[in-house]
Amino acid sequence: MFRKESAYEADFCFRIFIIMNCVVAKFGGTSVGSTESIKKAIEIVGSRYEKHPAVVVSAISRTTDMLIEAARNAANGAISIDAIKARQLEVMQGLGVQQSVIEDDLQELQDALQSISLVRKVLPELYALVVSFGERMSSKIIATYARGIGLHAVAYNSYNLGLITDSDYEEASVLPESYNRIASSMRAMPQNEIPIITGFIAKDANGSLTTLGRGGSDYTASIFGIAAGALEIQIWTDVSGVMTADPKIVSDARTIHEVSFNEAAELAYFGAKVLHPKTIYPAVEKNIPVKVLNTFRPNDSGTAIVHEVKNHEVLTAIAHKPDVSVIIISSPRMLFAYGFLEELFDIFAKHKIVVDTISTSEVSVSVTVDKKFDIEGLLVDLGKLAKVEVNKDRSSISIVGHGVKQTPGIAGAIFGALGAASINAEMISMGASEINISFVVESSNVQTAIKLLHKTFFELKDSPDAGIVSDAPAGSGSAAPWSRCHRRPASPARWPAR
Ligand code: ADP
Ligand code: ASP
Ligand code: MG
């Protein structure tokens, strides 16, 4: 992450900086989505004052979506900031924060929408500019409220503290020089100050606004955590940590108390929305623990994401990505030919389309891509090379855990369970990391499939509604080797809580 020549300087910054800010705490959209939740978030910050928190905030929930919609409407000639303004005011009123705090931002937003309506197109630069106002407003609102209750809070735009990225406006990557720049800005802050920093947004070297991708405030927290040499990066959200599945789908999902960096990265990459996929690797580099905590239940222990987990479960969690497209590319040219795959992936690179999973046969390659990508141009170019078929309305499911590789029978149990429920699985693959099995199902089946798999692998065998499917692999007479996943700890000595 650091260039070699600056490593010493960076480490020096860490040592000094640790004295000032020990913890970077990020509060997500729902954690700042109402008067009450902002009060809760600031109560948490205030109660940890001695840990010198640096706070990273998301936009007030739903604001980013509203900004994107406003940009689209502006491209069609309709400019309105009413809904966005009303959403901010609704939260501000209960906090006693005056409208004047966001007046300049609202004016600039109006101007940005005006520019979009002139070009009749949401150019990427203008997209980034428009969505930036979500975090720019929330940081000011929250800092003003916090000052009102006696904390020495100051709002900062991350880019004014040194966060600089490449010019990928929708999903930018941080430039290495950011770390030292951020470290020195933060060193210059008064000891008792609590910076309230915008998540998600940054600027490129030309001073244009960029974004780190949807959900990217987690990534901001990680970047600031590294730069500050934080002892811990805390992701405060609306659930009590990383859970065995998305609790919005599986009501019995439970918190995993400790996961390894690898497992967390894999879960995030394969869709566990609770963490942005880029959050983990910066923290791995500096071995800084990441904690996922619940703003609404601050005493819950949450999840610690650490370098090494002493007592691994066989399986850790189920992640899913809704709405992916499967692209199947077939050509007899593939057979025994070299260079074909290179040609193929050059086309993906040309269209800047990221492939999530790949499976190949003798004459075909299947890939999954996120629905956020516009694949029309890609399909035209692929069509010049091979026969192309697209299956839309698919979702990918991944089962992650360090035991995936060593434990026989897991694949059999997954597909046996799905087969018994007449759910077809396509594109079955085992990630190169060997800690996950992924496959694709029709989106209409994804919730049923996840519930079924959660019951199979994570729920108590003796619970009254467990056992919809057999938990033993076909043909096995004995207990399934992952059966310890089913049981809650019988005694702490044998079953260390995670
Ligand atoms: P924030 O606004 O705090 O960033 P997000 O909505 O981005 O919050 O992420 C939290 C949500 O992630 C939860 O409400 C939950 O529905 C979803 N989620 C998906 N998979 C998981 C998982 N394995 N564990 C916990 N939450 C998950
Ligand atoms: N506000 C941004 C989004 O909604 C970033 C974030 O919340 O992390 O995607
Ligand atoms: Mg998030």
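Filter the range 45-63 down to the residues that are within 16 Å of ligand 3 (Cβ to nearest atom) and either surrounded by fewer than 24 Cβ atoms within 10 Å (Cβ to Cβ) or polar (S, T, N, Q) (or both) and list them by number.
Ser58, Ser61, Arg62, Thr63 - these are the residues of the range 45-63 that are within 16 Å of ligand 3 (Cβ to nearest atom) and either surrounded by fewer than 24 Cβ atoms within 10 Å (Cβ to Cβ) or polar (S, T, N, Q) (or both).
For the subset of the range 318-339 comprising residues that are among the hydrophobic types (A, V, I, L, M, F, W, C) and surrounded by 18 or more Cβ atoms within 10 Å (Cβ to Cβ), which member is nearest to the chain's Cα centre (by Cα)?
Ala319
Condition test on Val306, is it under 18 Å from Val55 (Cα atoms), in contact (Cβ under 8 Å) with a residue 40 or more places away in the chain and either within 16 Å of ligand 3 (Cβ to nearest atom) or open to solvent by less than 70 Å² (accessible area, probe 1.4 Å) (or both)?
Taking the combined requirement at face value, the residue does not satisfy it.
Please list, ordered by first then second residue, the pairs with beta carbon atoms under 7 Å, 6 or more apart or interchain, first in the range 280-300 and under 19 Å from Ala264 (Cα atoms) and open to solvent by 50 Å² or more (accessible area, probe 1.4 Å), second in a loop (DSSP other than H, G, I, E, B) and modelled with pLDDT of 90 or more.
Listed by first residue and then by second, the contacts come to Lys291/Gly302.
Search the range 346-361 for residues that are within 16 Å of Ser330 (Cα to Cα) and pair each with any residue that is part of a strand (DSSP E or B) and not aliphatic (A, V, I, L, M) when their beta-carbon atoms are under 7 Å apart and the residues are at least 6 apart or on different chains.
If the second residue must be part of a strand (DSSP E or B) and not aliphatic (A, V, I, L, M), the pairs left are Ser359/Ser366; Ser359/Ser429.
Given the criteria under 30 Å from Phe457 (Cα atoms), in contact (Cβ under 8 Å) with a residue 12 or more places away in the chain and of a type in the set (A, V, I, L, M, F, W, C), does Ala205 qualify?
no
For the range 420-446, give me the residue count where each residue is open to solvent by less than 60 Å² (accessible area, probe 1.4 Å), under 20 Å from Asn391 (Cα atoms) and not in a strand (DSSP E or B).
Total meeting the criteria: 5.
For the range 202-215, name all the residues that are within 15 Å of ligand 1 (Cβ to nearest atom) and either assigned to a strand (DSSP E or B) or more than 17 Å from the chain's Cα centre (by Cα) (or both).
Thr211, the sole residue that qualifies.
Contact list please: Cβ distance under 8 Å, first residue in the range 219-230 and over 10 Å from Ser178 (Cα atoms), second residue polar (S, T, N, Q), pairs at least six apart or on different chains.
Tyr219/Thr279; Thr220/Ser158; Thr220/Thr198; Ala221/Gln234; Ala221/Thr279; Ser222/Thr279; Ala228/Asn21; Ala230/Asn21
Which residue is farthest from ligand 3 (Cβ to nearest atom), if the candidates are limited to the range 205-264 and must be open to solvent by less than 10 Å² (accessible area, probe 1.4 Å) and hydroxyl-bearing (Ser, Thr, Tyr)?
Within the range 205-264, the match that is farthest from ligand 3 (Cβ to nearest atom) is Ser260.
Go through the range 258-293 and give me each residue that's within 18 Å of Leu212 (Cβ to Cβ) and of a type outside the set (A, V, I, L, M, F, W, C).
Matches in the range 258-293: Tyr269, Gly271, Lys273, His276, Pro277, Lys278, Thr279, Tyr281, Pro282, Glu285.
Check whether at least one residue in the range 405-414 is in a strand (DSSP E or B) and among the small types (Gly, Ala, Ser), and report yes or no.
no
For the range 57-68, how many residues meet the condition of being within 11 Å of ligand 1 (Cβ to nearest atom) and among the hydrophobic types (A, V, I, L, M, F, W, C)?
Qualifying residue count for the region: 3.
On the basis of being free of Cβ contacts under 8 Å to residues at least 40 places away in the same chain and small (Gly, Ala, Ser), does Ser251 make the cut?
So Ser251 fits the description; yes.
Condition first: hydrophobic (A, V, I, L, M, F, W, C) and open to solvent by less than 40 Å² (accessible area, probe 1.4 Å). Now tell me which residues in the range 380-392 satisfy that.
Of everything in the range 380-392, those that are hydrophobic (A, V, I, L, M, F, W, C) and open to solvent by less than 40 Å² (accessible area, probe 1.4 Å) turn out to be Leu382, Leu385, Ala386.
Just the residues that are out of contact with any helix residue (DSSP H, G or I) (no Cβ under 9 Å at 6 or more places or on another chain) and either farther than 19 Å from Lys203 by Cβ or near ligand 1 (Cβ under 6 Å from one of its atoms) (or both), please, taken from the range 216-249.
Result: Val239, Ser240, Gly241, Met243, Pro247, Lys248.
If you go through the range 174-192, how many residues are in a loop (DSSP other than H, G, I, E, B) and in contact (Cβ under 8 Å) with a residue 12 or more places away in the chain?
6
The values are calculated or read from the model by the stated rules, or taken from the named source; none is laboratory data. Not measured: the values here are computed from a predicted model. Positions of Cβ are backbone-derived with ideal geometry, glycine not excepted, and every protein chain shown enters the neighbour counts. Calculation scope for accessible area: heavy atoms of the full protein, side chains included, ligands and nucleic acids excluded. Shrake-Rupley method; radii C 1.70, N 1.55, O 1.52, S 1.80 Å.
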